[in-house]
Amino acid sequence: MINKTLYYISEETNPYQNLAVEEALMDMVKEGECILYLWQNRHTVVIGKNQNARMECKVDKLEEENGFLARRLSGGGAVFHDLGNLNFTFIMRKEDYDLERQVDVIAKAAQSFGIDVVKSGRNDILAEGRKFSGNAFYSNNVSSYHHGTIMLDVNPEMLPRYLNVSLDKLKSKGVDSVKSRVINLKELNSDISVEGMKEALLWAFEQVYGSKPNPIIRSDFDARKVAVLTEKYASDEWKYGRVTECTCELSRRFEWGGNTLKFGVEEGRVKDMAIESDAMDSEFIITLAETLKGTEFTKASMVEAILGTEAENELQETMKKDIAGLISESM
C-alpha cells in the first residue's frame, strides 16, 4: 500500500544519464513508496530492450545530425524525443504497482488543460483519437516501473526522418503513417508548456495518491552508481546489442508485437538465439530466446521447448503459443 509519495525532476537532457537515474531510482524505492520521475531527452531515438537498432532507426542520419540512440530496459517500440516531449516514470515496489491509478495521474493532468483523454490498449493514451502518450513497463525482482511520453510540442517532421516504422505495424493501428497516428497536446491547447505540464502532473499525483509528494534531491543518489549506469547506457554494446550469427530467420507480427527470430545453428543444435521484438514484456521475450538455446534444430524439439516454458499470466501463455506456432508453420 502506498503511504508516501516522492518526485524527482531531472535537469539533464542527456538520455544516458536520464536512463541511469531511472534505474537508480528503482533500486532506491522503499516499501510503501511511489516515485514520480520527470525527465526530458534532447534529439533522441529510444528503442525497446529487444529491438534491432538499425531496423528501427536511421542511425547514421541520427548521429550525423548530433542525435542520440538510446536503448531502455522496457519493451515496446521505438520513439523520438525532443524538448517538446516530457517523459514520466512511476516507480514502486511490485506489490504496489497499479497501472490504472498511474494512468489516472496522466489523464487528470491533461484534463486540467481542458483535454479529454482515453486509454487505448495497454500502452497508448489518446486525445482526439490520436496518441500523445506511449507507455512501457519493466519489473525486476523487487520493483516495477511504468514510463511513457507526453507529446506537448514535438517536431512531427523528426518522426519519419529517424524512425523506420513497419507497414504491418501501421496497418495494425489502422493508420497510414506515423505522423497521422500522433498528436501534440499544444494543438489542442496552445497555452500548454513543459513547465506547466510538470506542475499539473505533480498536482494530479497528489490528487490520485492522496499525499503531497516530497522532492528527491541529487545528493540522495549514489553518484558512483549513476556514473556506472550512465556508462552502460552510452556503450555501443548496450545500444546496438549482441550480434547473432544468423543461420535461419523467421518473422511475424502478432497482436501483442512484431518478432524476428534469429537462429545460430551448429551441428544440428541452436548454438545462439535472439528474438528481436517490440513486445511490451521484454523479459519474457528474453526467456523464450534462452529456452531455445541448446535445443535440437528441429521443429518438434523447439516447439516442445517453447510450450514447456513457464508462463506467469495469460499474455505470456499467448506469446509462447504464438512463437511455437510460428516455428511449427515455418519449418
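The values are calculated or read from the model by the stated rules, or taken from the named source; none is laboratory data. Bear in mind the structure is a predicted one, so any value in this text is a computation, not a measurement. Note that we place each Cβ from the backbone using ideal geometry, even for glycine, and neighbour counts take in every protein chain shown. When the accessible area is computed, the model is the full protein with side chains, heavy atoms only, and any ligands, DNA or RNA have been set aside. Shrake-Rupley method; radii C 1.70, N 1.55, O 1.52, S 1.80 Å.
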Please state which of the following conditions C57 fails to meet, knowing it meets all the rest: (1) closer than 22 Å to S282 by Cα; (2) touching a Pro at 6+ places or on another chain (Cβ under 8 Å); (3) not aromatic (F, W, Y).
(2)
Assess whether F254 counts as being in contact (Cβ under 8 Å) with a residue 40 or more places away in the chain, under 30 Å from E314 (Cα atoms) and surrounded by 12 or more Cβ atoms within 10 Å (Cβ to Cβ).
yes
Which fully enclosed helices (runs of 4 or more DSSP H) of region 154-215 have 2 or more residues being surrounded by 16 or more Cβ atoms within 10 Å (Cβ to Cβ), in contact with a helix residue (DSSP H, G or I) (Cβ under 7 Å, 6 or more places away or on another chain) and at pLDDT 95 or above?
194-209
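Anything in region 26-60 that is small (G, A, S) and assigned to a loop (DSSP other than H, G, I, E, B)? List them, or say none.
Restricting attention to region 26-60, the residues satisfying the condition of being small (G, A, S) are 32, 48, 53.
Correct list: G32, G48.
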Conditions (1) open to solvent by 10 Å² or more (accessible area, probe 1.4 Å); (2) modelled with pLDDT under 95; (3) assigned to a strand (DSSP E or B) -> F132 fails only (1)
What residue, of G241, G294, G258, is within 18 Å of the chain's Cα centre (by Cα), at positive phi and of a type outside the set (F, W, Y)?
G241
Quick one: count up the residues across region 108-129 that are open to solvent by less than 60 Å² (accessible area, probe 1.4 Å), of a type in the set (G, A, S) and touching a residue at least 40 places away in the same chain (Cβ under 8 Å).
3
Is it the case that region 226-248 has a residue that's out of contact with any Leu (no Cβ under 6 Å at 6 or more places or on another chain), part of a strand (DSSP E or B) and open to solvent by 20 Å² or more (accessible area, probe 1.4 Å)?
yes
Considering region 16-71, residues that are touching a helix residue (DSSP H, G or I) at 6+ places or on another chain (Cβ under 6 Å) and of a type in the set (K, R), and then whichever is nearest to Y97 (Cα to Cα), we arrive at K49
Can you tell me which residue is nearest to F90 (Cα to Cα) among those in region 1-44 that are among the hydroxyl-bearing types (S, T, Y) and either without any contact (Cβ under 8 Å) to a residue 60 or more places away in the chain or open to solvent by less than 10 Å² (accessible area, probe 1.4 Å) (or both)?
Y37
